[in-house]
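Visitor: Let me give you the structure first, and then I'll get to my questions.
The values are calculated or read from the model by the stated rules, or taken from the named source; none is laboratory data. A quick note: this is a predicted structure, and the numbers were derived from the prediction, not measured. Every residue, glycine as well, gets a Cβ built from its backbone with ideal geometry; the counts of neighbours run over all protein chains shown. SASA here: full protein model, heavy atoms, side chains in, ligands and nucleic acids out. Shrake-Rupley method; radii C 1.70, N 1.55, O 1.52, S 1.80 Å.
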Amino acid sequence: MKTRELAHAIADETIAYRRIVHQDPEPSLQEFRTTDRICAELDKLGVSYRRTEPTGVIAELKGTKAESDKIVMLRGDIDALEVEEKTGLPFASKNPGMMHACGHDTHNAMLLGAVKVLQKMQNEFAGTVRFVFQPAEEVCRGAHLMVEQGAMDGVGYAYGIHIFGSLPCGYVASMPGAAFAAASRYWIRVSGKSSHGSDPAHGVDAAVAGCAIVTALQTLVSREYEPTDALVVTVGQIHSGTRFNIIPGYCEIEGTVRTYSREIHENLDKSMTRIAKAVGEAYRCEVEVEYDKITGPCINDAEALEIGKGAVEKVAPGMYMTAAPTMGSEDFAGYTEVSPDQKCAFFMLGAAVDDPSQIYSQHHEKVMFKEDAMETGVALYAQVAIDALEKLNS
C-alpha cells in the first residue's frame, strides 16, 4: 500500500524525532517544550494547527480529492511519567526523575509521521483529518480537556494507537466492545476516638472499623453486582494509628475501582458510600467518602473497529490479532463517551524487543520499544484515516 511505502520512506526521520522527544520527557499538563516541538514541525510542513490549553496541539489536513465536510480524528498522547530511566539507551532521558516509560514519545512521532504521509496523499482523500496531540493521558484528564476544546466537533470516526513493549513487534491488537476498564479512585476516612491501648472501652477504635469496611467492600463484587460483571474493588492503602499502645481514633483507606460497565462506573460510589457509612456506624465511627470517577471504560465501536482491521490488513497483512480485555485504563475513553454517532476504536501496536530478557511492562524504568514497529503505526494512522473518510463519504 502507498501508505506503507511512504511510512517506510520517512522511517529514519520518524525514529530520529522520537529519540529527541524521548530525551526530553515532561509530566502531564506540563508538556510545554513538547508542544513547542510539535508546532515547529507542523510549521515546517505548512500544516494548520492551533495550540490547546494548557498544552497540546490540534492540527488539520484537508484532502483535495473532492469537497467534503467529513472529519476523522487521530489521537496521539504526549506526556511522560515520573520514573527514573534505567534503560541505558544512548538517547535516554536527560531529565532526572522523568521518562517516557509508556511510549507516548512514539505516539507523538507516529502521529507526526502520519501528517507527513497524508500530506503527500492529499489528492487521494476527501474530507479532513484532525490530528490530536493530546496531553495528560497518564492522569486521565487529557481526553476530556481536548473534547472541551473541540477535538471531537464534527467527527465521524476517531482512532487511537498505543504501543506495547510486551506484544510481538509489528502486530496490531484490538477487540470489540470494552477494551480498557473504567477507573475510579476513592478515599474513606474513618473517625473514632483514641484512648490508651489498655483501655479500649473508653475509645472508639477506628482501625477495627476500617478493617471491617475493607472486608465489607468486597461484597460489592461478590453479592451486589452480577457475577458476569467485570468489577475490581482494590484497597491499596490503609493508614491508622501512631503508636503500638494507643487505640487509633483515625483510619484512612484508599483504593481503586475498575469496571467495563458505564452504569457501574457511574453508580458504584453510591453503593460504596452506603456500605462504608453503615459499617462505620455499627462501630460507633463517623465515615467520610470521597470518590473520583477518573475515566470511563474505553469501548470500541464495532463499525469503527472493522474499518481499522481492514486498514491493518492493508498496511500489515496477517498481523492483526484479537487481544484480551484488560482492567487497565486508557483515557481515550473520553472520546468514546461523547456521542453514539461518533464512532471510535483503539488499537495496540506490538513493539517487543528481540531479547526476551529485556522485555518489561509499561511504566517500568527499563521498558524499551523496538522502533521498527513505528513504521506500522505511521502507516496505520494514515490508512485508517483514508478508509474512514471513504466510508463517511460513501
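Visitor: Taking into account only those residues within the stretch 329-342 that are touching a strand residue (DSSP E or B) at 6+ places or on another chain (Cβ under 6 Å) and surrounded by fewer than 23 Cβ atoms within 10 Å (Cβ to Cβ), which is farthest from Val257 (Cα to Cα)? Spell out the reasoning first.
Guide: Within the stretch 329-342, the first condition is being touching a strand residue (DSSP E or B) at 6+ places or on another chain (Cβ under 6 Å), and the residues that meet it are 329-333, 335-336, 342.
From what is left, the residues that are surrounded by fewer than 23 Cβ atoms within 10 Å (Cβ to Cβ) are 329, 342.
Working: Ser329: 11, Gln342: 27 Å.
Of everything passing the filter in the stretch 329-342, Gln342 is farthest from Val257 (Cα to Cα).
Visitor: While we're on this one: Considering only strands (runs of 3 or more DSSP E) fully contained in the stretch 192-298, which possess at least 2 residues that are of a type in the set (D, E, K, R)? Can you show your working first?
Guide: Values: elements: 231-240, 250-259, 286-295.
By residue number, 250-259, 286-295.
Visitor: Working carefully through the options Val72, Val57, find the one that is farther than 21 Å from Ser394 by Cα and in contact (Cβ under 8 Å) with a residue 24 or more places away in the chain. Walk me through it before giving the result.
Guide: On the way: Val72 fails: farther than 21 Å from Ser394 by Cα.
None of the others qualify; the one that does is Val57.
Visitor: Between a first residue in the stretch 251-274 that is open to solvent by 30 Å² or more (accessible area, probe 1.4 Å) and a second residue that is β-branched (Val, Ile, Thr) and in a strand (DSSP E or B), which pairs have beta carbons less than 6 Å apart while being 6 or more apart in sequence or on different chains?
Guide: Thr256/Thr234; Arg258/Val232; Thr273/Val289
Visitor: Name the residues in the stretch 81-110 that are of a type in the set (A, V, I, L, M, F, W, C) and within 16 Å of the chain's Cα centre (by Cα), would you? Walk me through it before giving the result.
Guide: Just the residues of the stretch 81-110 that are of a type in the set (A, V, I, L, M, F, W, C), to begin with: 81, 83, 89, 91-92, 98-99, 101-102, 109-110.
Matches in the stretch 81-110: Leu81, Ala101, Cys102.
Visitor: Mind listing whichever residues of the stretch 279-320 are surrounded by fewer than 23 Cβ atoms within 10 Å (Cβ to Cβ), of a type in the set (A, V, I, L, M, F, W, C) and under 18 Å from the mean Cα position of the chain (by Cα)?
Guide: Within the stretch 279-320, Ile294, Ile299, Leu305 meet the criteria.
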